[in-house]
Amino acid sequence: MGVLLAAYEVLFISTWILYKIFLFIVGSIFPSRLFHLESYDITEPVMDIAKIAKTLVKSVATGENVAIESFWQAGPCVITFLRRFG
């Protein structure tokens, strides 16, 4: 367990360093604040969560269609959307 935690810590730190390098490079190429990622206000949601909550998806466990809002009925949850290319 300790080795796995250390691996995640190394992954997190290296990702953070790459993110900071990316910000430096983008800031050098585009000196305007147009592409500076730290300047965006994340306090207001971009998507309407109520609209997303009504979307039906297929349950892996039962195979039936369920609304996404059923995921957080038992408690808080984190939903990640991945875009697949190709």
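No lab work stands behind these numbers, since they all come straight from the coordinates. Remember, predicted model here, so these are calculated numbers, not experimental data. Every residue, glycine among them, receives a Cβ derived from its backbone with ideal geometry; neighbour counts consider all protein chains shown.
Give me the distance in nm between label points sitting 7 Å out from Cα along the Cα-to-Cβ direction at SER59 and PHE24, one decimal.
5.0
Can you pull the one-decimal nm distance between simple spin-label points at ILE17 and SER70, each 7 Å off the Cα toward Cβ?
Placing both labels 7 Å along Cα→Cβ, they lie 4.5 nm apart.
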